[in-house]
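This report concerns only the one structure given below.
The values are calculated or read from the model by the stated rules, or taken from the named source; none is laboratory data. None of these values were measured; they are calculated from a predicted model. Methodologically, a virtual Cβ is constructed for each residue, glycine included, from the backbone with ideal geometry; neighbour enumeration extends over all protein chains shown. Ligands, DNA and RNA are stripped out before the accessible areas are found, and what is left, the full protein with its side chains, is counted by its heavy atoms. Shrake-Rupley method; radii C 1.70, N 1.55, O 1.52, S 1.80 Å.
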Amino acid sequence: MITKKAAMTTEKPAHSDNSANSPDDLLGIREAITKLDDTLLSLLAKRRNYSLSVAKAKQNMEKPLRDQVREKDLLESLLIKASVQGLESNFVTRVFTSIIEDSVRHQQNYLQSLISPDLHSPQKKSIAVLGGKGAYSYLAAKKFFRQSENTYSACSSFNEIIDKVESAEVEYGVMPIENTTSGGITEVYDLLLSSNLSVVGEEKITIDHCLVSKANVKLKGIREIVAHPQASRQCSDSLAGLTLAKITLAESTAHALEIVAKNSRSNIAAISNEQAAELFGLTVLKKDLANQRKNLTRFLVLSRSSISVSSAVQSKTSIALCTGQEPGSLAEVLTLFKEANIPLSKLESRPIPERPWEQMFYIDLEGNIENSDVAETLKSLAKMCRFLRNFGTYPTEDIRATQVSPGKLANAKLTRDKQTKQSKLTVGRDSTNPSGQTSYPRKERSGVVITDGAKVGDGHFLVIAELAKFATEAEIISQSKQASESGVVVLGCSFSENQDLTEDRSFSIEQVARAASTNKLSVVIEVNNVAELDLVANNGGIPNIGCDNLLNTNLLKSVGQLNCPVVLSCHSSMTIEDYLKAVELVMSQGNLQVILCIREQQSPFKETEFTIDLARIVLLKQKSHLPLLVDLTHTSEKIELTLPLVKAAKAAGADGTFVDFENISAAPNKQSNNTQNSTLLAELMSEIYG
C-alpha cells in the first residue's frame, strides 16, 4: 500500500531545486510555480522582442508580415513536442495561437507607428464617443487607443460625433458601423458619406447584453426597460418574453444606465454589459439577452486625415460607389474585384435620397490602396461608376488563426496516448493508397463552408463525430473535448424518439451547443419540427433533417429560409428522385448551403445490423453537385470495420462521414472510457487524413 506522503513524493513537480523547501511542502510548491511563472513571462517578453526583430527585418522587404505556412509548420511541430510531454493539443494550440496573434499585433503596431505616429503614440488624445463612460463606443475606443491615456467627449448622437471631429474639437471619433445580430447601422453610413472624415482604424468587441437594475430587485417585478435602439433590436427575442415591461429607448447605453441609476423606482432596468453596470452601481438580473450567442459589433475610428498603411500589414479599404441603372452594372463591378483577386468582406446597399430605386453600395475590400492591383481596380471602377468615394485604408482587426490539419492533431493525440500507454488498437493502412486520397472527379462550387476551419466537398473530406445518446452534461463536455483533441472539427447529435426537446433533460440542445462552442467545434443536430429548427439555429447549430421529415413541406421551407449550412438525410426507402425534390424545395427558398447525406438501412438478414448502399453514393454524385455525407453511426459495431467502411464511402465519391463516438467506444469489450475512445478516434482520424 502506498501512503499519501509516498504517493506525493513520486509525483515531483516539473520544477524543483535544492532549496530548504521540499517538494511535498505546499508553500514550497507554490513558490516553485511562482518562479516558473516569472520565467514564462520573461520568455514571452523575449519572444515578443524577437518577433519585433522580424518586423524590422521585413520593413524594407516586399514581403507580407505573416507567413502562415511557417506558422502552420511551427504549430504542428509544437503539437508533436507537446504530446511527448503529455500536454493536450487544444491547450497548446490555444496558447501558441494567442502568442502568434499578440506577435502579429505587436509587429503591426510597430510598423504603423513609423507611418502614422500620431495615431499610435502614447500621447494623450481626445476622442468623441456616443454616450460617454460605460457605453459600448467608449469601451471600443478604450480598447483601440489602449496605449495611451485619453480624454473622452460624451455625445448624444452620431451626428454630434461627426461635428466634433470635423470642427477639430476632438481628434478622433469612434462609431459603430455594424452588428452581427442587427446588421448595418444605416444612420452611420449616411453620415459617413456626407462627412469629410476618413476611416483610420476599426475595432471589434463582443457585446454581452445583460438586464441590469438596482440591488435586490426581482426580474418578475420589472415594468420598464431602458435601452439604446440597437440593443433593443439585438435582444428582441428576450424582450418579447418580458410582456409586463414596456421598452423605453435611450440615446445611448450610458444614458440608459444613468436613467436607471438615478430613478427612484425599483421596477426599472436597463440593457448593458456587466462592466458598464458596475460603473453605475447596478447589478445583473439576467445575462445572455442577445438573440444570437455570438454578438459582436464593429466600430470605425474616424479622423480628419487619412493614413497610410504599411504594405506588410494586412489592411482593409472602405469605399462607396453608385453604378448606373443598366442591367448587370453591379455584376461588372464585382467581376473587377474577382479578376483582380481582391476579396470583399462587406457589401451593403443604401437607398439614395430623392432618387427612387437607386442604391449606394458600401464595400470593404481586403487590400491596401497603395497596392498596384487595388489602385488599378479602383481606377477601372471610376470609369464605370457614377460616384466613387474612398473612405481610407486602415489595418484590419481580423487576425485569422492558422489552422492545424486534423491529421496532425490526431497524430499528436496518438503520440500523447502512447506516452501514457492508453493506445490499445493498431489499424492497418491500405498499402495501395497510403494517403487515403481518392481521384474521383469533382464538380465546381460543390463545397459548403461550415466554419473557418471546416469545409465539406470540393476536395475537403469531413469526419463528423456523433455524440453518444443519453449522455450527461459532463459526458457531453468530455466527449466534445476528446473529439477536438483527435482532430474532429464538427460534432453530430441526434435524439432518441422518446426524448422530448421541450423537457428539461441532460442531453439538451443548449448543452451540446455550449460544449461544442467551448471546444471551438461546430455541431450538426437532428431536428423534427420548426420549433426545434429555431432552437438549433439560434444556438449556432447546423440542422439535420431526417428522412421521416423530407416530405414535411413547412419544415423544408423553413430550412430553406435559413442562412446556414443544413444537412438533409435519407435512406433507401426514399427514391433518389423524391430526395432531390426535397433538396430543390429547400434551395428554392434561398438556402444554397445544402449538404446531402445517405443513411444506413436495416439489414434484411439481421435486425441489429445495418448496411450502406455504395451505389447510391455514385448515383447521387452524378445527379447533384452538392457535397455528400455518409452516415455510418449504426453500420459497424466493431471499430476495426469503421475505417474500411469510411475508405469505401470515400472511394465511391462521398465527401464526408458520420462516425459514432459510442460505437468506437464499444471496442473490444464495451468497457472503455472516453479517453480510450478518443485514442481510437484519433487513430481513425490519423488514417483518414494521413
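The residues in segment 387-400 that are open to solvent by 50 Å² or more (accessible area, probe 1.4 Å) and in contact with an Asp or Glu (Cβ under 9 Å, 6 or more places away or on another chain) can be counted, and the count is 1. Residues in segment 330-342 that are touching a residue at least 24 places away in the same chain (Cβ under 8 Å) and either exposed (fewer than 15 other Cβ atoms within 10 Å of the Cβ) or in a loop (DSSP other than H, G, I, E, B) (or both): Ala340, Asn341, Ile342.
Filtered by the rule that a residue be touching a helix residue (DSSP H, G or I) at 6+ places or on another chain (Cβ under 8 Å), at pLDDT 85 or above and of a type in the set (S, T, N, Q), segment 1-60 gives a lone residue, Ser51. Of the helices (runs of 4 or more DSSP H) lying entirely inside segment 92-194, those carrying at least 1 residues that are over 32 Å from the mean Cα position of the chain (by Cα), of a type outside the set (D, E, K, R) and at pLDDT 95 or above are 158-166.
Could you check segment 38-60 and list, in sequence order, the residues that are within 14 Å of Leu111 (Cβ to Cβ) and either among the acidic types (Asp, Glu) or touching a residue at least 24 places away in the same chain (Cβ under 8 Å) (or both)? Selection gives Ser51, Leu52, Val54, Ala55, Lys56, Lys58, Gln59.
Rundown of residues vs (1) free of Cβ contacts under 8 Å to residues at least 40 places away in the same chain; (2) surrounded by fewer than 17 Cβ atoms within 10 Å (Cβ to Cβ); (3) assigned to a loop (DSSP other than H, G, I, E, B), yes/no style:
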position	(1), (2), (3)
Val309	no, no, yes
Ala320	no, no, no
Arg350	no, yes, no
Asn368	no, no, yes
Ala382	yes, yes, no
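Looking at segment 270-281 only, could you name the residues that are surrounded by 16 or more Cβ atoms within 10 Å (Cβ to Cβ) and over 31 Å from the mean Cα position of the chain (by Cα)? Of everything in segment 270-281, just one residue is surrounded by 16 or more Cβ atoms within 10 Å (Cβ to Cβ) and over 31 Å from the mean Cα position of the chain (by Cα), namely Phe280. Based on this model, can you work out whether Val129 counts as more than 21 Å from Thr253 (Cβ to Cβ) and hydrophobic (A, V, I, L, M, F, W, C)? No; evaluated as a whole, the condition is false for this residue.
Output the residues belonging to segment 140-150 that are open to solvent by 30 Å² or more (accessible area, probe 1.4 Å) and in contact (Cβ under 8 Å) with a residue 24 or more places away in the chain. Before the answer, list the steps.
Step one: list which residues in segment 140-150 are open to solvent by 30 Å² or more (accessible area, probe 1.4 Å), which gives 142-144, 146-147, 149.
Within segment 140-150, Lys143, Phe144, Gln147, Glu149 qualify.
Being more than 25 Å from Lys164 (Cα to Cα), modelled with pLDDT of 90 or more, open to solvent by less than 30 Å² (accessible area, probe 1.4 Å) and touching a Lys or Arg at 6+ places or on another chain (Cβ under 7 Å) is a description that applies to Leu211. Apart from one condition, Phe495 fits all of (1) open to solvent by less than 30 Å² (accessible area, probe 1.4 Å); (2) at pLDDT below 80; (3) of a type in the set (A, V, I, L, M, F, W, C); the exception is (1). Would you call Ser137 open to solvent by 10 Å² or more (accessible area, probe 1.4 Å) and not aliphatic (A, V, I, L, M)? So Ser137 does not fit the description; no.
Kindly indicate whether Asn216 is surrounded by fewer than 21 Cβ atoms within 10 Å (Cβ to Cβ), at positive phi, not in a helix (DSSP H, G or I) and not aliphatic (A, V, I, L, M).
yes
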